[in-house]
Structure formats: C-alpha cells, structure tokens
Amino acid sequence: MNYDFKCHLSRRGFLGAAAGLAVSASLRLAVASGVDERSIKVAPSQARLTGPDGPATAVWAYNGTVPGPALRLRQGQPVRITVENGLDEDTTVHWHGIRLPNAMDGVPGLTQSPIKPGGSFVYEFTPPDAGTFWYHPHADSLVQIGRGLAGPLIVEEAEPVAVDRDVLWLLQDWRLTKDGRIAGGFGSMMDASMSGRVGNLVTVNGQAQGGQGVRAGERLRLRLANAALARMMALRFEGHRPVVLAIDGQPCDPHEPEDGRLVLAPAMRIDIALDMQGDPGSRHDVIDDFYDGLAYRLTTLAYDKAPPLRAHPPGAPAALPRNPLPEPDLANAVRQEVVLQGGMMGGGKLAGVGGMMGMAMPGMNGTAAWSINGISMTGDGHAGMTPQFTLRRGVTCHLTIRNETAWWHPMHVHGFSLLLLFRNGSPVPHRQWQDTVLLAPKDVIECAFVADNPGDWMLHCHVADHQMAGLMTVFRVT
Ligand code: C2O
Ligand code: CU
Ligand code: CU
C-alpha cells in the first residue's frame with residue numbers, strides 16, 4: 001500500500017472525509033447522513049513483503065491488504081465502521097489512541113462480546129482529536145497482530161496544515177521462516193519473559209527494503225506508526241533534521257529529537273516535519289539503531305532528479321493546532337501508583353532472539369511472567385476483570401508508573417491521553433501528551449489525565465507478549 005496523500009490541500013474542498021475515496025474503493029462514503037460509513041473485512045490474505053518478486057506470505061489482513069486500509073476521518077465527524085470477521089477465530093477492533101465511548105473500545109469481554117467467525121460488529125464514534133492513530137485487533141492479539149492485522153487511522157485537522165505532502169509510514173515487524181512463512185511459536189516463554197517477539201523483517205507500508213521517492217525542497221508531514229509486536233525503534237534520517245510535531249497523535253511543542261533519533265516503541269506514533277534538503281538525485285538512508293549492534297537500514301529517501309521545489313527551506317514548522325484535551329488540575333489530583341514487576345533477571349534491550357533456549361522459567365504460575373501492583377491479568381481482555389482502582393468522573397489522576405523490571409515497556413492507556421510530567425524526577429519538556437509511554441528499565445514516569453470518560457479501561461504494556469503474560473490491568477471511571 002502506498003500512503004502518500006498527494007493534493008492534500010485541494011481534496012479538503014470536498015465535504016467530509018473525501019480522502020477516503022482515494023484510499024480504497026471498497027470504503028463507502030455516505031455524506032448525506034452526515035455519518036462517514038466504512039466497512040472492514042478481516043480475513044486471510046497474501047502479501048509480498050519483500051517486493052513483487054519475493055515470496056507470497058500467508059497473512060491475516062483488513063480488506064485484503066497489509067497494512068489495512070488507511071482510514072482518514074475528520075475531527076468531529078461521526079463515523080460508523082462495520083467490521084466483518086472472516087477468520088475462524090474471534091476478533092475485535094481497537095481504535096488505538098482515540099478517545100471514544102467505552103463500548104466502542106474493542107476489548108473482548110470488557111467492553112464488547114468478541115466478534116465471532118462469520119459475525120460482525122458496528123463501531124460508532126466521533127473522533128474528538130485530530131492526529132495519527134491506528135487500529136488493530138484486541139483478541140488473540142499477539143497472533144493476530146503478528147500475522148499482519150494493523151492499519152493506520154488518521155484524523156484530519158479541521159483546518160489544513162501547510163505541508164507539500166502528507167505521508168504515512170506504518171511499520172510492522174515480522175518473524176519469518178527461511179521460506180517466507182510467518183514463524184509459529186507465538187507466546188513462547190522465552191519471548192514472554194524477555195524482549196517479546198522481535199522479528200527479522202521490518203516493513204514500511206507492507207514493503208521491506210524499499211525506497212521512498214521524494215523531491216528536493218519539499219516539506220513532508222511524515223506520520224510514523226510502530227505497529228510491531230515488540231520491536232522498539234530509534235530512527236535516524238541521515239542528512240536530514242526531523243522536527244517532531246506530534247506524539248501519539250497529540251501535538252507537542254515542535255522540537256528536534258535528542259541526538260536526532262526518533263524513539264518509537266510499539267504502538268507509538270510520531271508526526272514529523274521533514275524538509276528535503278538533499279540534492280536532486282541523491283539517496284539517504286533511514287536507519288533504525290535501537291538495539292546495540294543490530295542497526296539496519298529501514299528504507300531510503302530517494303530524491304527525484306527534478307530541481308528543488310523551492311530555493312530556501314520554508315522556515316521553522318509551525319505547531320499543530322492543539323486538541324481539546326481536558327487540562328489536568330494537578331493541585332487537586334488523586335494519586336495512583338502502578339508498579340511493574342517480573343520478567344527474567346538481567347534484562348537489557350534485546351534477548352531471547354537467536355536461540356538462547358533452555359533458561360529457567362520465570363513466573364508465578366507458568367503463564368504469568370509479569371504483574372502490575374502484584375496482580376497478573378493475562379490475555380487480551382475477558383469477562384470478569386476486576387478494576388484495580390476506581391476514579392470518580394472528572395477528577396484529575398496523577399499517575400506514577402514505576403518500572404521495577406530489567407526490561408523496556410511501552411505502557412498504553414485506553415480512552416485517555418496522558419500529559420507527561422516527570423521522567424525520573426526531571427520535568428518532561430515540549431508539553432507531550434501520549435497514550436503510550438516508553439519506560440526504560442527502572443524508569444519512573446509521572447503523568448496526569450482527567451478521568452472524564454466513564455467505563456472500564458485497560459492499561460497495559462504494548463509488547464504483546466508482556467501483555468499476554470500479565471503486564472496488564474484495568475481501572476474504572478464512574
Ligand atoms: Cu493498542 Cu490495548 O491496545
Ligand atoms: Cu489502545
Ligand atoms: Cu512490556
């Protein structure tokens with residue numbers, strides 16, 4: 001799939017989310033009712049992850065493509081998405097990062113009954129925030145995401161943002177066998193108690209090792225989304241200086257990342273402004289060097305030979321318009337602590353990949369390798385999950401997340417965005433709101449949010465193996 005939204009500005013002239021037309025003919029649009037109608041079918045499919053000449057890999061897909069179709073919605077416009085299940089196991093769809101009614105959150109057993117094989121479910125919500133989000137299953141999600149189920153969800157700002165092109169890279173990490181099949185062994189104790197299922201092939205919009213055509217002088221808004229099960233990424237754009245505009249869909253103060261590296265943990269999104277300052281005809285690699293000694297080329301910026309679009313760069317990128325997030329009232333906040341424990345001793349960035357089998361089993365009962373505040377909730381969500389804490393509606397929660405493990409965890413909260421306050425006691429700059437916060441080993445994060453959305457909500461690590469093996473909890477807003 002090619003997610004290059006050309007003519008972005010002119011298409012805005014259409015009513016509603018006309019962009020959907022360009023994305024997939026199978027997505028219908030009903031402007032008359034004022035509701036944006038979409039449909040998604042989940043089913044087995046095939047994908048050529050290494051290009052048209054490579055082997056076909058059997059995958060699970062939304063509307064037949066990997067990643068799924070880019071849903072381009074409009075801020076404040078209601079959408080109705082019918083999801084049909086063509087798998088032979090239960091599924092659901094979770095609209096990651098969207099602040100929506102609890103019943104639309106897609107957690108089986110907790111917010112809805114799972115969608116049975118052959119069944120369907122209609123999701124209805126009105127996205128309050130513009131930004132870059134994504135969607136994925138929340139049932140058997142280690143296997144279902146690992147077999148390819150993930151898609152981008154973009155909510156457009158009411159007023160267009162001035163860039164030459166709006167481009168999206170959805171990044172997926174695959175663990176393939178030599179003959180190009182998806183490797184089995186999901187949920188091994190090794191993966192579960194260490195780094196999770198880190199794969200051996202990373203794709204950009206379903207394609208590994210490709211190039212990205214760019215034009216000298218243009219400014220891109222590049223939306224990066226990490227849809228990997230477990231792989232953390234740290235992207236460097238050689239010869240370029242990305243400016244971060246938004247994290248997890250929420251605009252921040254525009255800033256250059258530390259050391260020029262964009263750290264993108266599973267489920268995180270970063271929007272950057274990228275000025276194409278290279279020479280016409282030149283090529284520049286994009287490198288992921290998160291894991292020590294395992295840097296690889298993610299893709300290449302391949303400049304067209306055409307002369308630069310403009311003589312001088314267009315000046316510092318402006319901040320994106322803020323979303324209507326409720327402002328935390330820190331002086332009157334309720335404090336809550338969440339302590340992450342478990343996993344193998346030792347730790348580090350990456351282990352358990354490459355055959356160090358036969359190590360001692362971790363865990364409390366053989367399946368739970370991790371816990372939150374001493375309790376291990378395992379799986380994807382199921383009936384009868386007792387909330388670990390309750391917040392009165394409207395109250396500000398000052399949440400401290402304490403990573404007592406030796407591993408990295410992108411902790412994700414459903415239904416809310418968290419304003420980051422402190423990391424290990426130091427104030428977090430740039431006014432960042434995130435739904436997925438990466439904690440390094442032993443990190444302590446303090447953040448805040450207003451509990452304005454009633455329901456039972458999940459809080460879990462987005463390394464799928466960790467979530468399955470106990471790094472998950474539920475809280476209630478009443
Ligand atoms: Cu992106 Cu509970 O998930
Ligand atoms: Cu989520
Ligand atoms: Cu984790």
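Every listed requirement among (1) more than 16 Å from ligand 3 (Cβ to nearest atom); (2) assigned to a helix (DSSP H, G or I); (3) small (Gly, Ala, Ser) is met by Ala192 save one, (1). Among residues that are basic (Lys, Arg), surrounded by 13 or more Cβ atoms within 10 Å (Cβ to Cβ) and either in contact (Cβ under 8 Å) with a residue 24 or more places away in the chain or closer than 21 Å to Ala440 by Cβ (or both), Arg297 is not included.
Put simply, of Ala158, Ala228 the only residue that is at pLDDT 95 or above and in a loop (DSSP other than H, G, I, E, B) is Ala228.
So, Val450, is that one assigned by TED's automatic domain parsing to the domain that holds Ile372, aliphatic (A, V, I, L, M), out of contact with any Leu (no Cβ under 9 Å at 6 or more places or on another chain) and touching a residue at least 40 places away in the same chain (Cβ under 8 Å) or not? Against the criterion (assigned by TED's automatic domain parsing to the domain that holds Ile372, aliphatic (A, V, I, L, M), out of contact with any Leu (no Cβ under 9 Å at 6 or more places or on another chain) and touching a residue at least 40 places away in the same chain (Cβ under 8 Å)), Val450 does not qualify. Note on the range 256-269: residues that are in contact with a Ser or Thr (Cβ under 8 Å, 6 or more places away or on another chain) and not in a loop (DSSP other than H, G, I, E, B) amount to 1.
Taken over the range 378-400, the criterion of being closer than 24 Å to Asp443 by Cα and either in a loop (DSSP other than H, G, I, E, B) or not β-branched (Val, Ile, Thr) (or both) is satisfied by Thr378, Gln388, Phe389, Cys397, His398, Leu399. Looking at the range 451-469, which of the residues that are within 16 Å of the chain's Cα centre (by Cα) and of a type in the set (A, V, I, L, M, F, W, C) is farthest from ligand 1 (Cβ to nearest atom)? Top of the filtered list is Val463. Determine which member of the set Leu176, Leu153, Leu142 is over 26 Å from Ser376 (Cα atoms) and within 16 Å of ligand 2 (Cβ to nearest atom). That would be Leu153, the only listed residue that is over 26 Å from Ser376 (Cα atoms) and within 16 Å of ligand 2 (Cβ to nearest atom). Scanning the range 414-450 for residues that are more than 21 Å from the chain's Cα centre (by Cα) and within 16 Å of ligand 1 (Cβ to nearest atom) yields nothing.
The values are calculated or read from the model by the stated rules, or taken from the named source; none is laboratory data. What you see is a predicted model; the values in this text were computed from it and never measured. Cβ: placed from backbone, ideal geometry, glycine included. Neighbour counts: every protein chain shown.
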